[in-house]
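Presented below is the structure to which this report refers.
The values are calculated or read from the model by the stated rules, or taken from the named source; none is laboratory data. For clarity, every value in this text was computed on a predicted model and none was experimentally measured. For neighbour counting, all protein chains shown are included, and Cβ atoms are generated from backbone atoms with ideal geometry for every residue, glycine included. Areas reflect the complete protein model, heavy atoms only, side chains present, ligands, DNA and RNA absent. Shrake-Rupley method; radii C 1.70, N 1.55, O 1.52, S 1.80 Å.
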Amino acid sequence: MRPFEYARAGNVSEAGALAGRFIAGGTNLLDLMKLEVETPEKLVDITRLPLREIEETADGGLRIGALVTNSDLAAEPRIRRDYEVLSRALLAGASGQLRNKATTGGNLLQRTRCSYFYETSQPCNKREPGSGCGAIGGFNRIHAILGTSDKCIATHPSDMAVAMRLLDAVVETQKADGSSREIPVAEFYRLPGETPQIETVLDQGELITAVRLPKPLQGEHRYRKVRDRASYAFALVSVAAVVRMDGGRIADARLAFGGLAHMPWRDAAVEQALVGQEPTMANFDKAADILLAEAKGQGENDFKIPLARRTLKAVLADATKGA
Amino acid sequence: MRTSLLDACRDHLGLTGSKKGCDHGQCGACTMLVNGRRINSCLTLAVMHEGDEVTTIEGLGGPANLHPMQEAFLHHDGFQCGYCTPGQIVSAVGMLGEVSDGWPSHATDDVKDGASLSLDEIRERMSGNLCRCSAYPNIVDAIETASTKMKETA
Ligand SMILES: Cc1cc2nc3c(=O)[nH]c(=O)nc-3n(C[C@H](O)[C@H](O)[C@H](O)COP(=O)(O)OP(=O)(O)OC[C@H]3O[C@@H](n4cnc5c(N)ncnc54)[C@H](O)[C@@H]3O)c2cc1C
Ligand code: SF4
Ligand code: FES
Ligand code: FES
């Protein structure tokens, strides 16, 4: 690990002005610093900031402080009751020890698990812009099938972010100059395009202070994660769903996908295609056709295209079976 | 400044019970309790824990005063080489605390309900601790025994 300066932020307004890399749970940043994939010159420890509350908002939702741990969030009774898809997604991620450290803000900003990104002797446009992409034409079993570019085909590894995308969560931030803003998760992440090293719309020194959930969604909540081991492994494909039935037809369907793209993936046309329909396999296939119309395999990850279809259909069948 | 909590305990305080398996949060050999919660001590900086209460395997019990979890691992032969064992034991103690606080897991049927401790639940909740010798069946038995015993004496 390279040497670095360390500072502890005493209050929210000074955190950005300390001009360093924020560290929260440290479970992603320190991992990458040990490998010298990340080489910050200064760390700003934000763990003493008062951002650990979960509070109700005026419109019937919840505001989750950026430092609420993944464990505490998954176990919070209001999350378990009203936002089950989020609790499920969190519990499907990492391990008990890691969830006790990982924070809401840090989880959103965790970086890809692409092995070329992790290996500093290899080319990687995300780690070293312009060096090329080792995964294109290389080992790419875990890589993206949607929204890729010829510069980068990495996926975003978070389970939590998939549920946040489905729930239309909003990220609250404070910039280094003290001003604050709100960014819907839908607009928070960027596709790789020509600049895969830029992953979100956040500015330098912009601190996530909270993530806000709108009021709860009625319906059946599901989070299905397909991976190489039954536990403690990243998703190859994951599907988050909230589906509400009415009179034997789908009244509302919200779907978000992990493991498919550089960001949690959501496609309004897929959801629209299901609304008003009967829950039949033929209709689920039509939704999968829309989702996967532009899907492109890279060789080793070709299996993700049929796997995404099967997982989506299985989740929809399960979520609509009582109706 | 660069010292992890694990290295601080092992190299500076002489507490070598906690082990370094991977140094990347992947194996659980370095598990410690911080303010009662289990974490991977290799993925955090010692300087970030000023003022926190840290418990290592040494703090749970020693040869003269074994913790019920340590006794159960001995009784059930919950190890072979023993390298992962301190992490397994500390993690199991932390895990039982999470269950008694009602935390659900990925193996919980209905997350709205409180937590229970079936064998599947133990396996899922302990998945952050790997054992290269694959002593898993005996580890699960040991944890089940200890959890019953700790409930009786609680
Ligand atoms: C072995 C292993 C297995 C894992 N498995 C999974 C899995 O299956 N699913 C899954 O989803 N995740 C998994 N993870 C990843 C884990 O969820 C993340 O490491 C964790 O959520 C990151 O949160 P943190 O608080 O530790 O972030 P940190 O490491 O502290 O920070 C991560 C990044 O976020 C920035 N940051 C942190 N907080 C803020 C803030 N408030 N404002 C602005 N920037 C901030 C930091 O500067 C840094 O760039 C795994 C990790 C490991 C090591
Ligand atoms: S896929 Fe992205 S992260 Fe992986 S090597 Fe290519 S540029 Fe780097
Ligand atoms: S040494 Fe910390 S998890 Fe492996
Ligand atoms: S007993 Fe040898 S690694 Fe677990």
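Compactness of region A:267-323 was expressed as the Cα radius of gyration divided by 2.2 N^0.38 Å, which yields 1.18. Overall, the protein assembly as shown carries a charge dipole of about 660 debye about its Cα centre when +1 sits on the Cβ of Lys and Arg and -1 on the Cβ of Asp and Glu, all other atoms neutral. Dipole of chain B computed with +1 at Lys/Arg Cβ and -1 at Asp/Glu Cβ about the Cα centre; of B:Leu60, B:Thr145, B:Gln26, farthest Cα towards the positive end is B:Gln26.
Our note on the geometry: Cα centres of region A:258-304 and region A:30-44, 36 Å apart. Per-residue accessible area (protein heavy atoms, 1.4 Å probe) orders A:Met245, B:Met95 as A:Met245, B:Met95, starting from the largest. Estimated translational diffusion coefficient (Stokes-Einstein, Kirkwood radius over Cα pairs, 4 °C, 1.567 mPa s) of region B:6-154: 83 µm² per second. Rolling a 1.4 Å probe over the heavy atoms of the protein chains gives chain B an accessible area of 46 Å² per residue.
Rounded to the nearest 20 debye, the dipole size of region A:95-200 about its Cα centre is 320 debye, using +1 on the Cβ of Lys and Arg and -1 on the Cβ of Asp and Glu.
Quick one: putting +1 on the C-beta of Lys and Arg, -1 on the C-beta of Asp and Glu, what dipole do you get for region A:5-45 around its Cα centre, in Debye to the nearest 20? Walk me through the intermediate numbers first.
On the way: 4 positive and 7 negative charges, 17 e Å.
In debye, rounded to 20, region A:5-45 gives about 80.
Taking each of A:Lys225/A:Lys321; A:Lys215/B:Lys112; B:Lys19/B:Lys149 in turn, the alpha-carbon distance tops 22 angstrom for B:Lys19/B:Lys149.
Taking K and R as +1 and D and E as -1, what net charge do the other residues with C-beta under 10 Å from the C-beta of A:Pro3 add up to? Don't skip to the end; give the middle numbers.
Values: positive: A:Arg2, B:Arg2; negative: A:Glu5, A:Glu41.
Within the 10 Å Cβ shell, the charges total 0.
Among A:Phe188, B:Phe79, A:Phe234, the sequence by solvent-accessible area, most first, with a 1.4 Å probe is A:Phe234, B:Phe79, A:Phe188.
Projecting the Cα atoms of A:Ala66, A:Trp265, A:Ala235 onto the charge dipole of chain A, computed from C-beta unit charges around the Cα centre, puts A:Ala235 farthest toward the positive end. Of the accessible area of the protein assembly as shown, computed with a 1.4 Å probe over protein heavy atoms only, carbon and sulfur atoms account for 49 percent. Applying 0.36 nm per residue to the separation of A:Gln218 and A:Glu182 and subtracting their alpha-carbon distance, the gain on full extension is 10.5 nm. Helix A:304-320 and the longest principal axis of the C-alpha atoms of chain A enclose an angle of approximately 60°.
For region A:5-45, the solvent-accessible area works out to 38 Å² per residue, with a probe of 1.4 Å and every protein chain left in place.
How much net charge surrounds A:His262 when only other residues with a Cβ under 10 Å from its Cβ are counted (Lys, Arg +1; Asp, Glu -1)?
Numbers: positive: A:Lys126, A:Arg190; negative: A:Glu199.
For residues surrounding A:His262, the net value is +1.
The interface between chain A and chain B buries about 3300 Å² of solvent-accessible area in total (1.4 Å probe, ligands and nucleic acids excluded).
Counting only alpha carbon atoms, the long axis of helix A:281-292 and the longest principal axis of chain A meet at about 30°. Between the helical axis of B:136-153 and the longest alpha-carbon principal axis of chain B there is an angle of about 80 degrees. Take the Cα atoms of region B:68-153, build their convex hull, and give its volume per residue in Å³. Given the Cα convex hull of region B:68-153, per-residue volume reads 79 Å³. Take region A:145-243 with all the other protein chains still there, run a 1.4 Å probe, and you get 38 Å² of accessible area per residue. Based on the convex hull around the alpha carbon atoms, chain A presents an average projected area of 16.1 nm².
In chain B, the sites counted are trypsin sites (Lys or Arg not before Pro) in DSSP loop states with at most 14 other Cβ atoms within 10 Å, and the longest stretch holding none of them, exclusive of the sites, is B:1-111.
The sum of -39500 (n - 2.57) across all DSSP H runs of n ≥ 4, divided by the residue count of chain A, sets its helix-only mean residue ellipticity at 222 nm to -7000 deg cm²/dmol.
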